[in-house]
Amino acid sequence: MVSGTALQRLPIRFRLTLAFAVAMALVLAGTGLFVYFRLAGALDETLDNGLRSRADDVATLVRQADSSLREGGGSRLVEPDERFAQVLDLAGGVVDATPLVGERSLLSSAELAEASGRTITLDRGRFPGGDDPIRLLATPVRAGSERLVVVVGASREGREDALADLLVQFVLVGPLALALASLLGYALAAAALRPVESMRGQAAAISASEPGKRLLVPATGDEIARLGETLNSMLARLEEALARERGFVADASHELRTPLALLKTELELALRRPRSVEELERALRSAATETDRLAQLAEDLLVLARADQGQLPLRRAPVSASSMLGRVARRFAARADRSGRAIRVEAPDGLELYGDALRLEQALGNLVENALRHGEGDISLGAVEVDGRAELHVRDAGLGFPASFLPRAFERFSRGDEARPTGGTGLGLAIVEVIARAHGGEARAANAPGGADVWIAIPTGAPPSTY
C-alpha cells in the first residue's frame, strides 16, 4: 500500500491519474451494481407477471369441476421441467397438481396460512425433480364453497444465466474501460500541466542578469494564465526590490567612501611631516568628526536594515507629547543658540500617544537636525491631535523644499542639494518614515507659509498588530 509521503512524492500527473482511476473505478462499480440490480428487478418483475397470468389460468381451471391438472387439463398452462402448478386446501392437502410436482405440498404451514389471505411470492433453491432454482407464486382461490390456494412456479435458471452473463461482461469490460479511462486521464493531466511545465522551464532560465524577462502567459484566461500573470507580477516586484537593494548598496558605499577618504586624508597629512600640537589637534578633531559621521551612518543603515526585515525593536508605552518635544528641544538648544536661532515648543499638556519614546525622539531629532542644517530662522516643535492620531510637527523659516523634491523626500539617499548648500547622508528623513510606519503611522512633508513643515502622525490608542 502506498503511504501518504510516497504518494506526495509522485508527479502531479500521476497523482491526478491515480485519483481519476479511483474515481472512475467507483463510478464503474456503482454503475455496474445499479445495472445488475436493475436487471435483476426487471427479470423478477417479468417472471412474476408470467406467474400471475398462469395463476389466474389455473384458478379458472380449478373452478371447473370436470378439469384436472393431472389429467392434462393444465398441459397448456405449464411446460415440463420448467413450469408447474399445485392446488392446496387450507389444511395443506394437495387437491390437484401437475405430474412433475407430485403429492408433496410446495408450501410450509406458515406460508400456506399467509397465502390463504393474500398473494405471495417465494424463492426456492431447487426445482422439483431437478437442481434449478425456482420462484413460486401462491394466491387464494374460492371454488364454490371451498377455499383453496393455487401455487404456480417456474425455473429461475434463465434469470440466473442472464445475471451471470452480465457479471462476466462487467469483469471483462470493466478493467479495460478503467484502463482506457486512466490513459485518457493521464493524457488530459499531462496536457493540462504542460503550460505549467513550460513556465517552470522559462522561470529556471530567468536570472538577475536578464532584467525585464517574463513568462509567456497563454491567452486562455484560466487558472494557468492567472498563475502566469501572478508570477510575472512577482518577478516585477522582485526586480524592483533588487534594483532598490542594489541602489541602496551603491549609495551606502558612496556615503561610506566619503568620510573614510576624508579620515584617511587627515591622518596621512598629519603623518607626512612633523606637526605642531595645534595642527595635530585640528587633524584629530576632523578625524573625530568623520568618525562620528561614520558611526551615525552605520547606525542609520542598521535601523533601515532592521526595518526592511520587520524587526525594528519598539518599546511602547504612553508618552506625553509635550514632554517628549521638550526633551528634543533641550537637546538641540545649545546648538541652535550658537547659530542665533531658537527652538520653541507648542503642544497641549494632555496629549498622549502610545509608542517608543526613544525611537520617536530619534525621528524628531532627525527633523530638527535637518531644520538646523538646511533651514533658517527659529524652529517650532508642535503637537496636535487629528482623527485619533497625534501629529508631531517640526517647522522652520527657511526656503522650504524644492517642489520636485517633495514626492521623494523620504526616499533613501534622497537630497534636495540644489536648494540647500550643505549636504547630509540622505537617510534622515528615510529613518523618520521608518519609525513612523513602525508605529502604525506615517511621515509627511510640505511647504508651509514661511518655511518647511515636516511631521509624523502616530496613533494615540493601542499599538497596531503588525510591524
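The values are calculated or read from the model by the stated rules, or taken from the named source; none is laboratory data. Note that the structure is a prediction, hence the values are computed from the model and not measured. So basically every Cβ, Gly included, is an ideal-geometry build from the backbone, and we count neighbours across all protein chains shown.
Among the residues making up region 330-371, those that are closer than 16 Å to Asp453 by Cβ and either among the small types (Gly, Ala, Ser) or exposed (fewer than 14 other Cβ atoms within 10 Å of the Cβ) (or both) are Arg344, Glu346, Ala347, Ala363, Ala371.
Taking the listed residues Ala445, Ala457, the one that is under 20 Å from Gly377 (Cα atoms), modelled with pLDDT of 85 or more, among the aliphatic types (A, V, I, L, M) and not in a loop (DSSP other than H, G, I, E, B) is Ala445, with no other qualifying. If you check Leu176, Leu188, Leu148, Leu193 for being part of a helix (DSSP H, G or I) and either aromatic (Phe, Trp, Tyr) or in contact with a Pro (Cβ under 9 Å, 6 or more places away or on another chain) (or both), only one passes: Leu193. The selection criterion, being crowded, with 20+ Cβ neighbours inside 10 Å and at pLDDT 70 or above, holds for Val87. No other residue among Pro99, Pro140 is under 21 Å from Thr60 (Cα atoms), in a loop (DSSP other than H, G, I, E, B) and in contact (Cβ under 8 Å) with a residue 24 or more places away in the chain apart from Pro99.
The rows are residues; the columns are (1) among the small types (Gly, Ala, Ser); (2) closer than 27 Å to Thr460 by Cα; (3) modelled with pLDDT under 80.
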site: Ala363; (1), (2), (3): yes, yes, no
site: Leu367; (1), (2), (3): no, yes, no
site: Ile379; (1), (2), (3): no, yes, no
site: Arg389; (1), (2), (3): no, yes, no
site: Leu392; (1), (2), (3): no, yes, no
site: Ala409; (1), (2), (3): yes, yes, yes
site: Gly426; (1), (2), (3): yes, no, yes
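Hey, among the residues in region 388-397 that are within 11 Å of Asp453 (Cβ to Cβ) and not hydrophobic (A, V, I, L, M, F, W, C), which one's surrounded by the fewest Cβ atoms within 10 Å (Cβ to Cβ)? Restricting to residues being within 11 Å of Asp453 (Cβ to Cβ) and not hydrophobic (A, V, I, L, M, F, W, C), the top hit is Glu391.
Give Val303, Val277 a once-over and let me know the one that is out of contact with any Leu (no Cβ under 6 Å at 6 or more places or on another chain), at pLDDT below 75 and either within 16 Å of Gln362 (Cβ to Cβ) or not assigned by TED's automatic domain parsing to the domain that holds Leu381 (or both). Exactly one residue qualifies, and that residue is Val303. If I ask for residues that are farther than 23 Å from Leu176 by Cβ and touching a Ser or Thr at 6+ places or on another chain (Cβ under 8 Å), which ones from region 9-57 would you list? If the condition is that a residue be farther than 23 Å from Leu176 by Cβ and touching a Ser or Thr at 6+ places or on another chain (Cβ under 8 Å), then Asp48, Leu51, Arg52, Ala55 are the ones that fit.
Criterion first (modelled with pLDDT under 90 and either crowded, with 20+ Cβ neighbours inside 10 Å or under 60 Å from the mean Cα position of the chain (by Cα) (or both)) does Gly153 satisfy it? For Gly153, the condition - modelled with pLDDT under 90 and either crowded, with 20+ Cβ neighbours inside 10 Å or under 60 Å from the mean Cα position of the chain (by Cα) (or both) - is met.
So which residues in region 230-243 are in contact with a Leu (Cβ under 9 Å, 6 or more places away or on another chain) and farther than 18 Å from Leu193 by Cβ, if there are any at all? Hits for region 230-243 are Asn232, Leu235. Residues of region 201-225 that are surrounded by 13 or more Cβ atoms within 10 Å (Cβ to Cβ) and of a type in the set (D, E, K, R): Lys213, Arg214.
Could you go through region 5-19 and let me know if any residue there is aromatic (Phe, Trp, Tyr), out of contact with any Leu (no Cβ under 6 Å at 6 or more places or on another chain) and modelled with pLDDT under 85. Scanning region 5-19 turns up at least one residue that is aromatic (Phe, Trp, Tyr), out of contact with any Leu (no Cβ under 6 Å at 6 or more places or on another chain) and modelled with pLDDT under 85. Out of region 105-124, which residues are part of a loop (DSSP other than H, G, I, E, B) and either crowded, with 17+ Cβ neighbours inside 10 Å or touching a residue at least 24 places away in the same chain (Cβ under 8 Å) (or both)? The answer is Ser105, Leu106, Leu107, Ser116, Thr119. Scanning region 333-364 for residues being touching a residue at least 40 places away in the same chain (Cβ under 8 Å) and more than 42 Å from the chain's Cα centre (by Cα) gives a total of 3.
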